[in-house]
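To start, the structure under review is shown below, and the notes come after it.
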Amino acid sequence: MTAKRGVPDVLVVGGGLAGLACARDLVGHGLTVRLLEASDGVGGRMRSDDHEGFVVDRGFQVFNTSYPQVRRRLALRELRLRPFTPGVLVHTEDGPMRFEDPTRGSRRLGDLRPGRLAGTRDLLALAALSGRDMLAPAGWLKRGEDRTTRTALAAAGFSEEFVERFFRPFLSGVFLEDQLETSGRVFHLVWRSMLRGTLCLPGAGIGAVPRKLAEALPPGVVNLGSPVAELTDDGIGTDDGDEHPARAVVVATGPGPAARLLPGLGLPDYRVVTTYYHAAPRTPLAEPVLVTDTRRRFLNTCVLSEVVRGYAPPGMSLIATSVLGHDQEGQEGWLRDALAEVYGTVTTDWDLLTVRTVPDALPAMPPPQPLSRTARVAPGRYVCGDHRATGSVQGALASGARAAREVAADLAR
Ligand SMILES: Cc1cc2nc3c(=O)[nH]c(=O)nc-3n(C[C@H](O)[C@H](O)[C@H](O)COP(=O)(O)OP(=O)(O)OC[C@H]3O[C@@H](n4cnc5c(N)ncnc54)[C@H](O)[C@@H]3O)c2cc1C
């Protein structure tokens with residue numbers, strides 16, 4: 001059966017990474033597609049705004065070049081990517097210590113020396129973990145018993161002290177939880193992707209990524225300002241009462257709206273994160289490096305304008321600092337004090353530019369964590385998004401790809 005005139009084969013609801021990837025692959029299967037996005041732009045959780053001449057991402061995030069879905073879909077050169085310094089600067093009670101990625105060919109170990117950040121046992125464990133995760137086939141890392149990241153790190157031979165000094169502060173910014181309770185399987189895959197790729201930001205902000213994905217779609221596929229209110233027997237209904245039929249509907253809306261549109265859909269808990277954006281008259285650190293804190297007063301902080309100069313207007317600097325949970329009363333004040341200590345500078349002349357809280361930032365991924373779930377939820381109804389795979393750019397894109405494969409296979413029957 002083919003689509004009736006004017007009726008698309010597939011309606012994709014939501015223009016985040018998952019919806020965009022799904023729409024692109026459906027078009028590749030020769031199907032007619034309409035993507036309905038509620039807001040005024042594509043990208044969902046991955047958007048950037050112009051805020052008084054600063055580029056403000058909707059929550060601090062980094063772009064990893066090694067994700068297979070990223071390499072498959074994007075011409076990286078067009079994103080004008082700017083790298084972070086490989087490794088992180090760890091703020092400890094004993095002052096700043098540098099964790100350098102030894103696999104980058106750097107001859108320096110930074111503070112990865114006995115008596116500093118790591119002991120000999122930790123260095124050996126780090127070499128073994130990194131060698132295995134970087135070189136083993138991904139399929140091998142996906143198999144086997146799953147356990148928490150904390151258990152996986154202990155099993156890999158790391159001392160409790162090194163875990164507390166390096167892994168726990170660093171990974172809390174990756175998984176948006178600070179108990180190391182995320183699946184060890186997911187940790188190994190993320191560690192692999194970090195070793196194999198470059199952490200960076202696009203020259204025009206993180207929102208350039210979904211914009212590039214949308215540019216790859218034929219004209220007319222993406223419809224902005226089109227909130228979907230309900231799924232009907234043969235398609236969807238919009239907020240203004242219009243009904244749009246289609247042979248299949250893919251819900252790619254993110255968790256909250258997906259639960260409303262598909263009652264009974266099982267969803268994981270989601271992690272909340274808040275990013276504080278400060279403008280400063282001079283840079284507090286002349287390096288594009290991510291800073292973590294062993295006292296865990298924040299997840300991470302960095303001078304974004306050192307990564308991409310254009311994130312701040314000339315003569316200004318932009319600092320992003322993220323914390324778990326919602327913005328609390330008085331939090332910005334004590335955070336500013338912590339940042340003064342960490343950067344070793346005065347922060348009283350910094351302006352708080354804006355605060356971005358993302359309530360549904362990342363799905364919780366406790367073990368045992370399935371890395372991919374079917375998109376089919378009922379005849380003609382499908383769902384995709386990071387909650388069907390892993391909470392990451394790779395997971396969202398891969399879930400969209402899986403939904404497209406399942407829709408195409410079903411419609412071909
Ligand atoms: C602060 C933060 C930091 C992150 N850091 C990283 C990182 O460093 N690395 C990494 O890999 N990943 C990171 N992530 C995760 C990554 O950004 C997400 O996993 C991914 O963007 C999710 O994409 P999605 O398409 O599943 O959902 P979403 O981005 O939520 O897209 C859903 C879309 O559906 C639309 N929509 C909702 N309801 C309706 C409706 N009724 N009708 C029509 N449209 C609707 C929304 O407007 C939205 O555009 C981070 C996320 C956040 C928030």
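Things to note:
- Site pair Ala378 and Ala138 shows an inter-label distance of 3.3 nm when each label is modelled 7 Å from Cα along Cα→Cβ.
- Summarised as an ellipsoid, the chain has semi-axes of 38, 25, 18 Å, derived from the eigenvalues of the Cα gyration tensor scaled by 5 and square-rooted, with the largest first.
- One decimal place: the segment Thr238-Glu52 gains 63.6 nm when fully extended, by the rule 0.36 nm per residue minus the C-alpha distance.
- DSSP H segments from the chain that extend 15 Å or more along their own axis, Cα-based, with Kyte-Doolittle mean of -0.5 or above: 17-28, 120-135, 184-196, 331-343, 393-412
- Cβ-Cβ distance of Ala128 and Glu181, R₀ of 25 Å, FRET efficiency by 1/(1 + (r/R0)^6): the value works out to about 0.60.
- The GluC sites (Glu not before Pro) of the range 63-161 that meet both conditions, a loop assignment by DSSP and at most 15 other Cβ atoms within 10 Å of the site Cβ, are Glu93, Glu145.
- Pairs of Cα atoms nearer than 8 Å and 6+ residues apart set the relative contact order; for the chain it is 25 percent.
- Amide N of the range 138-177 lying under 15 Å from the label point, which is placed 7 angstrom from the Cα of Arg116 along Cα→Cβ: 166
- Residue-averaged 222 nm ellipticity for the chain, from DSSP H runs of 4+ at -39500 (n - 2.57), nearest 500: -8500 deg cm²/dmol
- Here's how it looks for Arg98: its modeled amide H is under 5 Å from those of Val90, Asp111, which are all 5 or more places away or on a different chain.
- For the range 110-196, alpha-carbon Rg over 2.2 N^0.38 Å: 1.04
- Remark: the Asp351-Asp337 segment gains 3.7 nm on full extension, using 0.36 nm per residue and subtracting the alpha carbon distance.
Values quoted throughout were computed directly from the atomic coordinates according to the rules given, and no laboratory measurement underlies them. Computed from a predicted model, the values in this text were never measured in an experiment. Because the Cβ atoms are built from the backbone with ideal geometry, glycine has one as well, and the counts that use them run over all protein chains shown.
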